[in-house]
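For reference, the structure discussed in these notes is given below.
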Amino acid sequence: MPAAQSACGDLAPPTPQSPTTTAHTRDFTHAWSRQSMPNNFNQQIIEEFRANAGRVGGPFEGGRLLLLTTTGARTGTRHTTPLGYLPDGERMLIIASAGGAPTHPAWYHNLLANPRVTVEDGIFTYPAQATVLKGRERDHLFARAVQADPGWADYQARAGRVIPVIALTPLGGGPPAGPAGDFLTAIHDAFRRELTLIRGELTASGPNLGAQLRVNCLTLCQGLHHHHLGENGGLFSSLEKQHPELAPALQRLRQEHEAIARLLTRLQTLISGEGTDPGTLLAEVDRLTAELEAHLDDEEQHLVPILNAMTT
């Protein structure tokens, strides 16, 4: 069992000026405790995260959180740290702010020495490569985080150091061992959770649609698109050959994919446009959520028992 490690800075609730999911992410990133904070606080958050598919309560409810496990630079001991993250396409960004402290957090020194890390996102656990971003790329992405939540700029001003931005890129490995139907349900649950997070971010975004929120939405759209392509081109064809009785259900599921694709195209057009009203985008997200939830339930009802029977 990896030891729980304190992440970086002073625990602070989300500020009244920034009651957004992004603010929760920032606070979670720097919030792990002063030396006087009991270490079991970290462990309680880790246990709550693992017991509730990545969700935690209290002032950080609704935040984008992950568990990062690094290898100690000096000891070789495995350490797990709760951190906030920002989506960035196929990778995730974490920020070593330490709440504006003058020194980098311990987990940052660990991944410098051993960039192969383990990430838990609440649904999946997987190896990842940690890359410290440099130059223009780092500055651009940090500026995007600041646009979403100016608190990051406050930490940078106090720190007296360049606050690192780190990209976590998942490493290949294929699906985990176990029933394939359960794995499909886990993928669906990841999409359900992401829609919930994005809806909360849109509700709290105010009159402007920031660059980070656009990235969050586009990442979801791309993920759904590739997931459905994979199902249409692989899973459904294979099931039709082995279970011809599924043909009517699979045809209906393909039609549902087409309907969702139209909604995704509409959503991407709004995201890419200038001056898009977050309220308009929220209405489209609600339409997508209703359509997708019905589709996922339909797919699970017809496919999960068969997939589990085939792989157990």
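The values are calculated or read from the model by the stated rules, or taken from the named source; none is laboratory data. Computed from a predicted structure; not experimentally measured. Cβ placement follows ideal geometry from the backbone for every residue including glycine, while neighbour counts extend to all protein chains displayed. For the accessible areas, the whole protein counts, side chains as well, though only heavy atoms, and no ligand, DNA or RNA atoms are used. Shrake-Rupley method; radii C 1.70, N 1.55, O 1.52, S 1.80 Å.
Results, tabulated for the structure shown:
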{"read-out": "Criterion (free of Cβ contacts under 8 Å to residues at least 60 places away in the same chain, out of contact with any helix residue (DSSP H, G or I) (no Cβ under 8 Å at 6 or more places or on another chain) and of a type in the set (D, E, K, R)) met by exactly one of Glu245, Glu240", "value": "Glu245"}
{"read-out": "Qualifying positions in segment 171-183 - open to solvent by 30 Å² or more (accessible area, probe 1.4 Å) and either assigned to a helix (DSSP H, G or I) or modelled with pLDDT of 90 or more (or both)", "value": "Leu171, Pro179, Ala180, Asp182, Phe183"}
{"read-out": "Exclusive hit being open to solvent by less than 60 Å² (accessible area, probe 1.4 Å) and under 19 Å from the mean Cα position of the chain (by Cα), set Gly151, Gly84", "value": "Gly84"}
{"read-out": "Scan of segment 117-141 for residues that are farther than 22 Å from Gly54 by Cβ, open to solvent by 40 Å² or more (accessible area, probe 1.4 Å) and touching a strand residue (DSSP E or B) at 6+ places or on another chain (Cβ under 7 Å), ordered by number", "value": "Thr131"}
{"read-out": "Evaluation of Leu112 against (1) among the hydrophobic types (A, V, I, L, M, F, W, C); (2) out of contact with any Lys or Arg (no Cβ under 8 Å at 6 or more places or on another chain); (3) surrounded by 20 or more Cβ atoms within 10 Å (Cβ to Cβ); (4) within 21 Å of Leu67 (Cβ to Cβ) (one fails), failing number", "value": "(3)"}
{"read-out": "Residue pairs meeting the criteria (Cβ under 7 Å; at least 6 apart or on separate chains; first without any contact (Cβ under 8 Å) to a residue 12 or more places away in the chain, in segment 279-292; second assigned to a helix (DSSP H, G or I))", "value": "Thr280/Leu270"}
{"read-out": "Residue in segment 240-251 that is among the hydrophobic types (A, V, I, L, M, F, W, C) and under 18 Å from Asp189 (Cβ atoms) present", "value": "no"}
{"read-out": "Single unsatisfied condition, Thr75 versus (1) free of Cβ contacts under 8 Å to residues at least 40 places away in the same chain; (2) in contact with a Leu (Cβ under 8 Å, 6 or more places away or on another chain); (3) not small (Gly, Ala, Ser)", "value": "(2)"}
{"read-out": "Residue match in segment 210-232 (condition: more than 25 Å from Ala186 (Cα to Cα) and either among the aromatic types (Phe, Trp, Tyr) or in contact with a strand residue (DSSP E or B) (Cβ under 8 Å, 6 or more places away or on another chain) (or both))", "value": "yes"}
{"read-out": "Segment 96-107: number of residues that are of a type in the set (A, V, I, L, M, F, W, C) and open to solvent by less than 10 Å² (accessible area, probe 1.4 Å)", "value": "3"}
{"read-out": "Inter-residue pairs, beta-carbon under 8 Å, first touching a residue at least 12 places away in the same chain (Cβ under 8 Å) and under 19 Å from Leu141 (Cβ atoms) and in segment 94-113, second open to solvent by 60 Å² or more (accessible area, probe 1.4 Å) and part of a helix (DSSP H, G or I), 6+ apart", "value": "Gly100/Asp154; Gly100/Ala157; Gly100/Arg158"}
{"read-out": "Residue that is surrounded by fewer than 15 Cβ atoms within 10 Å (Cβ to Cβ) and touching a residue at least 24 places away in the same chain (Cβ under 8 Å), where the choices are Ala157, Ala186", "value": "Ala157"}
{"read-out": "Residue within segment 38-51 that is over 16 Å from Leu83 (Cβ atoms), in a helix (DSSP H, G or I), hydrophobic (A, V, I, L, M, F, W, C) and at pLDDT 85 or above present", "value": "yes"}
{"read-out": "Among (1) among the aliphatic types (A, V, I, L, M); (2) under 28 Å from Asp286 (Cβ atoms); (3) modelled with pLDDT of 90 or more - the single one Leu168 does not satisfy", "value": "(2)"}
